[in-house]
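The values are calculated or read from the model by the stated rules, or taken from the named source; none is laboratory data. Quick caveat: nothing in here was measured; it's all calculated off a predicted structure. Reconstructed Cβ throughout: ideal geometry from the backbone, glycine too, with neighbour counts over all protein chains shown. Surface areas here come from the heavy atoms of the whole protein model, side chains and all, with no ligands, DNA or RNA. Shrake-Rupley method; radii C 1.70, N 1.55, O 1.52, S 1.80 Å.
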Amino acid sequence: MARRGAGTPFLRQLSLLLLLHLGGTLGCASVTVSPPVVPLGSTVTASCTIQRELCHGLEQGKVRISWMLDNKLVAGSQRQGPGGTEVSNLTLPRFNHMQARLFCCVEWNGTKQRVGMAEIRAGYPPAKPLNLTCALNLSDYGLTCQWQQGANSHLPTSVALKCMGSRAQAVTGCTPRGGHSHCTVPRRLLQLYRQMEIWVSATNALGTAESEHLCIDPMDVAKLDPPTLQSIQSIPFQTDCIALAWDVAWGTEHMELQCELRYRAPEDPAWALVTGIIGQAGTAQRCGFLFGTQYRFQMRCRRSSASALASWSEWSPGRNYTTHEKAPTGKLDAWWGAQPAGGRLEVQLRWKAPRQREANGRVLGYRVTLSPRRRGRDPPTICNTTHTQCNFSVPAATGRVYLSAYNAAGESAPTEVILLERTGQPLAGLRAVPGGERSLWVHWQAPLAPVTAYVLEWQRVAAEPGHCSACWQMERDGAATTALIQDGIEPFQRYNISLYPIYEGTVGVPVYTTAYSQQKAPSHAPKLHLKRISKSAAELCWEPLPVEVQNGFITSYTIFWASSITNVASATVNPSLSSFAIQGLKPSTLYKVHIMASTAAGSTNGTSLTLVTSVLDDSEIQFLFLSLGLVFVGLMVLLICFQKNERMKEQLWPSVPDPANSSLGKWVPAAVPQEPFQVLAAREPGPAAISTVTVLEGEPGKQ
């Protein structure tokens, strides 16, 4: 009974909670939100009404109503409503959630119970759809339209493609699926050969937005298949013109078509476009093509009566054609060098290949003769080559030669090359500046004498000298003072540039300059070597950097040195020098030294060199050794003098007799008589008596 009575309050609480919950769902509390969908950042108002008779367990006592936005407690006001209801109002001034749940709660037994709920959403009105385009598919006559969606509204939005005929109401043509921005209007909703109005409509809870309305005839936007190019050929009597023939696509024979032709050569940067071609004609002519040049042709078509919104067909598959060749035309730019040798003239002749417009096909070779070609007579050929240079020997009196190019269709008119002497007035003010990563602008001052042309030569500076036969160009404008060099120019490489003025009857003496199209820091710095060192100075030397690794003009070398007890010191050295002496060093000290090579675009450090200064200078060491030598010589002289002077020797080292060689040392008595020993009385003066003398002889070799 005790256990049964103890469990009764818990069961009552559980039943009350279930009743409250069921009462809330059955009408115990009603929550209204005005409005449930709002623009983001707008004000939201809500109201919660509690009916006591429907909320079992709350018939007695005061009802306390509170609010929760998701899991956050928010404060509202409470009042008593009609019919014994309790009403709570809530205002959210700035609702910044995309979606949230608002709960109405009552307090019972110290806990908050949720008795009502409303969902609030916030976002933006739908954005206007953009760039609506449509195309009619002739296979099923369905109109496929596509557009660009506007900004995300963060709300459920329905999108539909609307269409309206001239005498019909607007209908939904199609609805995109899966969030796509395209759909197809079926044939049954279209009116072909009549104007229709088509637009996109986007709708959500906050409003509706429509795209720009298209007023089109569906047939005007029909997507046609491309035509097929059948043949291309040159017109025999007008070799710069061609004739094209094509067939229109199947299913478009009954239509009036407007077509376009485009073509280009492999070296052309863009297509050339020919417009206004009537599609049903099936043939067309076009002039102005280069001779002996391969072109690629393509065509496309659309209905000629279509509006500006009509779609072109895709370009047809490309077709290649090479025009007829013609003999080369124009004059060749030629440059020469001549040296007399043994009564003859050694000539090096160079020329530029003709441009495509003048070559009129593929050039097969070049011919150099001593006289121009005349009717019925071919002059002797001194050079026939496929290259753009030729070395040959001619008599010393030869003043001119003739150069021509030929292809399969014929030979060009000869270009006269006059072998002038280079003794004319040189130019002034020659300089070169970068024109880009792979080009150089060359500037000079115009001379006083009239000039017919200029010749520019350039060579890459390298450790191993070479020769570039194509590194030259001719400027035929005698009034020019600038020229752009583009052939064979590489960044970070030095070039020697020469300029020759060509006067009437002579060639000027060349002037020279050097330049880089682009500079950067050297690839590496020179390696330092120690030339000599003392206690307060060190002389360093290095090999100049090879031009291939300089990557620019060396502006300076900088020497850095430091020890463990001094700060880093530096000195800038002129780039023309290859040695430097560091002064003011401390004796017997270890130093770290390195060199930095600099250009206008950057610097590069070299490896470190370790050196130790000496304790004494060379002069001090020489003086020390000289002093020691003098002392040694003085001692030797003194010893020699002592050895030679007997009197001084006797004074310093007197002769002492050897007691062993005395007569007394050799005498030994036969018997020693025994004499009584007499004891002198104390204090009695008298001579001391010696009773016996014994002489001891040492062994030979022992002292």
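Miscellaneous remarks
- Among the residues listed as Gly165, Gly173, the single one being farther than 30 Å from Arg319 by Cα, outside the structural domain of Trp315 (by the TED database) and buried (at least 17 other Cβ atoms within 10 Å of the Cβ): Gly173
- Filtered residues of segment 249-296 (kept if within 37 Å of the chain's Cα centre (by Cα) and among the hydrophobic types (A, V, I, L, M, F, W, C)): Ala265, Ala270, Trp271, Ala272, Leu273
- Residue tally, condition assigned to a strand (DSSP E or B) and either in contact with a Lys or Arg (Cβ under 7 Å, 6 or more places away or on another chain) or touching a residue at least 40 places away in the same chain (Cβ under 8 Å) (or both), over segment 491-515: 17
- Residue check, Thr415 more than 22 Å from Val547 (Cα to Cα), touching a strand residue (DSSP E or B) at 6+ places or on another chain (Cβ under 8 Å) and open to solvent by 40 Å² or more (accessible area, probe 1.4 Å): no
- Scanning segment 236-248 for residues that are buried (at least 19 other Cβ atoms within 10 Å of the Cβ) and under 25 Å from Arg303 (Cβ atoms) gives Leu244, Trp246, Val248.
- Looking only at segment 470-490, residues that are open to solvent by less than 20 Å² (accessible area, probe 1.4 Å), over 16 Å from Ala449 (Cβ atoms) and part of a loop (DSSP other than H, G, I, E, B) come to 2 in all.
- Scan of segment 193-213 for residues that are within 24 Å of Ala135 (Cβ to Cβ), modelled with pLDDT of 85 or more and either surrounded by fewer than 18 Cβ atoms within 10 Å (Cβ to Cβ) or among the small types (Gly, Ala, Ser) (or both), ordered by number: Arg194, Gln195, Glu197, Ser201, Ala202, Ala209, Glu210, Ser211, Glu212, His213
- Filter result for Gln191 (touching a residue at least 12 places away in the same chain (Cβ under 8 Å) and not in a loop (DSSP other than H, G, I, E, B)): no
- Matching residues, segment 254-270, being in contact (Cβ under 8 Å) with a residue 12 or more places away in the chain and exposed (fewer than 14 other Cβ atoms within 10 Å of the Cβ): Glu256, Pro266, Glu267
- Among the residues examined, Cys183 does not qualify as in a strand (DSSP E or B), farther than 30 Å from Arg296 by Cα and touching a helix residue (DSSP H, G or I) at 6+ places or on another chain (Cβ under 9 Å).
- Hits in segment 215-248 - residues which are more than 24 Å from Arg188 (Cα to Cα), within 47 Å of the chain's Cα centre (by Cα) and in a loop (DSSP other than H, G, I, E, B): Pro226, Pro227
- Among (1) of a type outside the set (Gly, Ala, Ser); (2) touching a Pro at 6+ places or on another chain (Cβ under 9 Å); (3) open to solvent by less than 50 Å² (accessible area, probe 1.4 Å), the one test that Gln113 misses: (2)
- Residues that are under 40 Å from the mean Cα position of the chain (by Cα), among the hydroxyl-bearing types (Ser, Thr, Tyr) and modelled with pLDDT of 90 or more do not occur anywhere in segment 323-332.
- Identity of the residue in segment 272-285, open to solvent by 30 Å² or more (accessible area, probe 1.4 Å), touching a residue at least 24 places away in the same chain (Cβ under 8 Å) and not aliphatic (A, V, I, L, M), that ends up nearest to Thr322 (Cα to Cα): Gln285
- Here segment 119-153 is the region considered, the condition is being within 25 Å of Phe95 (Cβ to Cβ), among the hydrophobic types (A, V, I, L, M, F, W, C) and crowded, with 19+ Cβ neighbours inside 10 Å, and the residue that is nearest to the chain's Cα centre (by Cα) is Ala122.
For every residue, the table says whether it meets (1) among the acidic types (Asp, Glu); (2) out of contact with any Gly (no Cβ under 9 Å at 6 or more places or on another chain).
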site	(1), (2)
Leu456	no, yes
Glu475	yes, yes
Gly478	no, yes
Glu490	yes, yes
Thr506	no, no
Tyr512	no, yes
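- Of all the criteria given as (1) surrounded by fewer than 17 Cβ atoms within 10 Å (Cβ to Cβ); (2) modelled with pLDDT of 90 or more; (3) small (Gly, Ala, Ser), the one not satisfied by Gly178 is (2).
- Answer from Ala408, Ala397 - the residue that is among the small types (Gly, Ala, Ser), more than 17 Å from Trp336 (Cβ to Cβ) and open to solvent by 50 Å² or more (accessible area, probe 1.4 Å): Ala408
- Every listed requirement among (1) under 43 Å from the mean Cα position of the chain (by Cα); (2) exposed (fewer than 15 other Cβ atoms within 10 Å of the Cβ); (3) in a strand (DSSP E or B) is met by Pro340 save one, (1).
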